[in-house]
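Visitor: After the structure tokens below, expect a handful of questions from me.
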Amino acid sequence: MTKKNKALKIAIAFFTQLIVGLLIVFLIHTYVLKNKGLSIYEGKIVFAYFINGLLAVVIFLVLYFLRKKQRDQIGFLFMFGSFLKFAFFFIFFYPSYKADGDITRLEFMAFFIPYIFSLLIETMSLIRLLNLPEKAE
């Protein structure tokens, strides 16, 4: 199998793991909230899962296409992606979370559970992608 096919296989695995994984984590997250008698859709939970998934896809695609030309800067680009996710948090979530003067544990978890899951899948996929031999292309 050529490196190009291996890279494509890694990308497809990333998308599958991210989408299926986020869906499973979302269902577990809302199930736990429901069983504890808490508000399921408080804290923009659906939007948080969507934004974290979308940003993970965008960041992965950018790094996927830049993996040859910018190989030495991939780490910095990845860190910039994490900065971008935090920027989205402070622009779209923080103001409404802080509107009542306090960020509750539910609000915090609504954003950071999908953030952490997306980050793990993204990191593992990028490690596999970058570990492909350079000369095989």
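The values are calculated or read from the model by the stated rules, or taken from the named source; none is laboratory data. If you're wondering where the values come from, they're calculated on a predicted model, not measured in any experiment. In this analysis, Cβ positions are derived from the backbone assuming ideal geometry, glycine residues included, and neighbour counts consider all displayed protein chains. Just the protein is used for accessible areas: all its heavy atoms, side chains included, with ligands, DNA and RNA removed. Shrake-Rupley method; radii C 1.70, N 1.55, O 1.52, S 1.80 Å.
Visitor: So how much accessible area does Val57 have, in Å² to the nearest 10, using a 1.4 Å probe?
Guide: Taking all protein chains as shown, Val57 has close to 40 Å².
Visitor: Another question, then. With all protein chains present, how much of the accessible area of the chain (probe radius 1.4 Å) comes from carbon and sulfur, to the nearest whole percent?
Guide: 72
Visitor: Please compute the net charge surrounding Tyr97, taking Lys and Arg as +1 and Asp and Glu as -1 over other residues with Cβ under 14 Å from its Cβ.
Guide: Local charge sum for Tyr97: -1.
Visitor: Suppose R0 equals 25 Å. What FRET efficiency, 1/(1 + (r/R0)^6) with r the Cβ-Cβ distance, do Ile24 and Tyr94 give to the nearest 0.05?
Guide: Plugging the Cβ-Cβ distance into 1/(1 + (r/R0)^6) gives 0.40.
Visitor: With all protein chains present and a 1.4 Å probe, how do Arg71, Arg128, Arg105 order by accessible area, largest first?
Guide: From most accessible down to least: Arg105, Arg128, Arg71.
Visitor: Only Lys, Arg, Asp and Glu count, each charged at its Cβ (+1, +1, -1, -1), so figure out the dipole size of region 6-137 about its Cα centre, rounded to 20 debye.
Guide: Computed about the Cα centre, the dipole is about 440 debye.
Visitor: Hey, how many Å between the Cα centroid of region 1-41 and the Cα centroid of region 75-97?
Guide: Rounded to whole Å, the Cα centres lie 20 Å apart.
Visitor: For region 1-76, how many pairs of lysine residues have a Cα-Cα distance under 27 Å, where the two are 8 or more positions apart or belong to different chains?
Guide: 10
Visitor: At each listed q (0.09, 0.12, 0.20 Å⁻¹), what is the log10 of I(q)/I(0) that the Debye formula gives for the chain modelled as equal alpha-carbon point scatterers?
Guide: -0.32, -0.53, -1.12
Visitor: OK, next. Using a 1.4 angstrom probe on the protein heavy atoms only, line up Lys98, Lys68, Lys36 by accessible area, largest first.
Guide: Lys36, Lys68, Lys98
Visitor: What is the extension gain from Phe80 to Tyr41, computed as 0.36 nm multiplied by their sequence separation minus the C-alpha to C-alpha distance, in nm to one decimal?
Guide: Result: 11.1 nm gained on full extension.
Visitor: Moving on to the next point. Please determine, in degrees from 0 to 90 and to the nearest 10, the orientation of helix 45-66 with respect to the longest principal axis defined by the Cα atoms of the chain, where the helix direction is its Cα long axis.
Guide: Rounded to the nearest ten degrees, it is 10.
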